[in-house]
Amino acid sequence: MKNTHKALLTVLSGSFALAACLIANSAIANEVTASTQSETTTIEQLASVEQVLKQVHHCNKSITIRSQALSRDKVATACHQLIAQEDKFHQIFNSRNKPVGDDNNTSLRANFYSSNAEYVKYATEHFNMPTNNGGMYLEGYPERQGNHAEFVAFERNGGLWNLSHEYVHYLDGRFNRYGDYCNGLHDDHAGPEFCPTPNSSYPHGVWWSEGVAEYIAWGKNNPKAISIAGKKTYPLSELFNTSYNNNNNGSDRVYRWGYLAVRFMMENHRDKVEQSLVLSRQGDWTGYQNLMRSWSTSMDQQWFIWLESLAKKKK
Ligand SMILES: [Zn+2]
């Protein structure tokens with residue numbers, strides 16, 4: 001895990017720590033190295049992002065794919081997949097053409113370097129972000145005119161790993177959650193946002209953000225999450241306190257248990273989800289926390305029964 005290249009190949013086994021979309025482990029030791037390299041290469045005047053990510057393809061009005069070397073087939077497949085996912089998201093949340101207030105993120109640009117080496121070489125300079133990870137979603141400042149939401153990653157084994165999950169972050173951020181990343185409920189201070197004020201009180205919004213990204217990306221077919229459902233590791237009421245730091249994190253908890261929690265709520269308590277969305281779309285985080293606290297442990301028994309049945313059905 002100390003070597004950036006090796007770490008990136010084993011990302012899923014790491015402990016997840018960074019912002020909404022950091023894919024890889026938190027190999028903190030690499031941050032110093034990465035910034036030192038960045039300073040050196042900046043002096044050498046790196047090629048600009050437009051020069052490096054020369055290929056630009058607009059899938060539709062809300063999705064652009066920019067890349068160093070993606071084949072036409074891969075771009076076409078990715079566009080098809082993302083457009084289908086966008087439709088699915090809006091069907092589920094009835095959110096088409098209804099962004100939250102003050103949101104200028106009219107489109108997402110997905111940026112792909114051709115390899116991890118190229119990503120490490122350029123992404124910090126081009127996007128002011130750490131590269132000790134497998135890719136990041138950068139919501140930026142949606143309230144600012146001209147802001148552009150960016151997903152930045154690299155081709156891995158010829159694939160566009162995690163693109164579906166990241167795209168849901170974009171949609172969720174634009175249609176379900178008011179404000180920029182730091183505006184929401186979490187305790188993350190990592191770059192590129194370096195949010196100044198933590199939200200120390202629970203619940204946070206991480207169970208939803210990461211859970212809904214997994215839920216929309218995988219649908220009912222998420223074997224890795226379903227395989228651990230029968231363990232009944234956490235009461236639902238405890239999963240609402242999932243965050244990126246403290247002791248409430250870890251990739252299983254954030255991604256797999258997040259998926260299970262969101263799926264349970266969507267399938268069994270959609271009315272409560274809608275109540276929470278009314279508040280999150282307004283950025284009323286105090287109201288959001290009060291609502292969730294009022295749920296308390298009321299759904300825990302049903303949750304455990306549901307987990308048992310899911311573990312038996314296996315989908
Ligand atoms: Zn994510």
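Would you confirm whether any residue within region 135-143 is without any contact (Cβ under 8 Å) to a residue 60 or more places away in the chain, over 20 Å from GLU214 (Cα atoms), surrounded by fewer than 20 Cβ atoms within 10 Å (Cβ to Cβ) and among the hydroxyl-bearing types (Ser, Thr, Tyr)?
Looking for residues that are without any contact (Cβ under 8 Å) to a residue 60 or more places away in the chain, over 20 Å from GLU214 (Cα atoms), surrounded by fewer than 20 Cβ atoms within 10 Å (Cβ to Cβ) and among the hydroxyl-bearing types (Ser, Thr, Tyr), one finds at least one in region 135-143, hence yes.
Within region 258-275, how many residues are touching a residue at least 40 places away in the same chain (Cβ under 8 Å) and surrounded by 18 or more Cβ atoms within 10 Å (Cβ to Cβ)?
Of the residues in region 258-275, 7 are touching a residue at least 40 places away in the same chain (Cβ under 8 Å) and surrounded by 18 or more Cβ atoms within 10 Å (Cβ to Cβ).
Name the residues in region 199-244 that are buried (at least 17 other Cβ atoms within 10 Å of the Cβ) and assigned to a loop (DSSP other than H, G, I, E, B), would you?
Matches in region 199-244: ASN199, TYR202, PRO203, HIS204, GLY205, ASN222, TYR234, PHE240, ASN241, THR242, SER243, TYR244.
Any residue at all in region 152-160 that is in contact with a Pro (Cβ under 7 Å, 6 or more places away or on another chain), in a loop (DSSP other than H, G, I, E, B) and acidic (Asp, Glu)?
No, there is no match, as no residue in region 152-160 is in contact with a Pro (Cβ under 7 Å, 6 or more places away or on another chain), in a loop (DSSP other than H, G, I, E, B) and acidic (Asp, Glu).
In region 53-88, how many are assigned to a helix (DSSP H, G or I) and within 27 Å of ALA123 (Cβ to Cβ)?
Residues flagged as assigned to a helix (DSSP H, G or I) and within 27 Å of ALA123 (Cβ to Cβ) within region 53-88 amount to 14.
So ASP187 clears everything in (1) of a type in the set (D, E, K, R); (2) touching an Asp or Glu at 6+ places or on another chain (Cβ under 8 Å); (3) away from the ligand (no atom under 15 Å from the Cβ) except one condition, right? Which one?
Among (1) of a type in the set (D, E, K, R); (2) touching an Asp or Glu at 6+ places or on another chain (Cβ under 8 Å); (3) away from the ligand (no atom under 15 Å from the Cβ), ASP187 violates only (2).
State whether the residues of region 190-198 include one that is within 17 Å of PHE89 (Cβ to Cβ), within 16 Å of the ligand (Cβ to nearest atom) and either in a loop (DSSP other than H, G, I, E, B) or not assigned by TED's automatic domain parsing to the domain that holds LEU53 (or both).
Checked against the condition, which is being within 17 Å of PHE89 (Cβ to Cβ), within 16 Å of the ligand (Cβ to nearest atom) and either in a loop (DSSP other than H, G, I, E, B) or not assigned by TED's automatic domain parsing to the domain that holds LEU53 (or both), region 190-198 yields no hits at all.
When you scan region 285-298, do you find a residue that is crowded, with 23+ Cβ neighbours inside 10 Å and in contact with a Lys or Arg (Cβ under 8 Å, 6 or more places away or on another chain), even just one?
No - not one qualifying residue is present in region 285-298.
The values are calculated or read from the model by the stated rules, or taken from the named source; none is laboratory data. The shown structure was predicted, so the numbers you read here are calculated from the model rather than taken from an experiment. Counting neighbours? That spans all protein chains shown, and the Cβs are built from the backbone with ideal geometry, glycine included.
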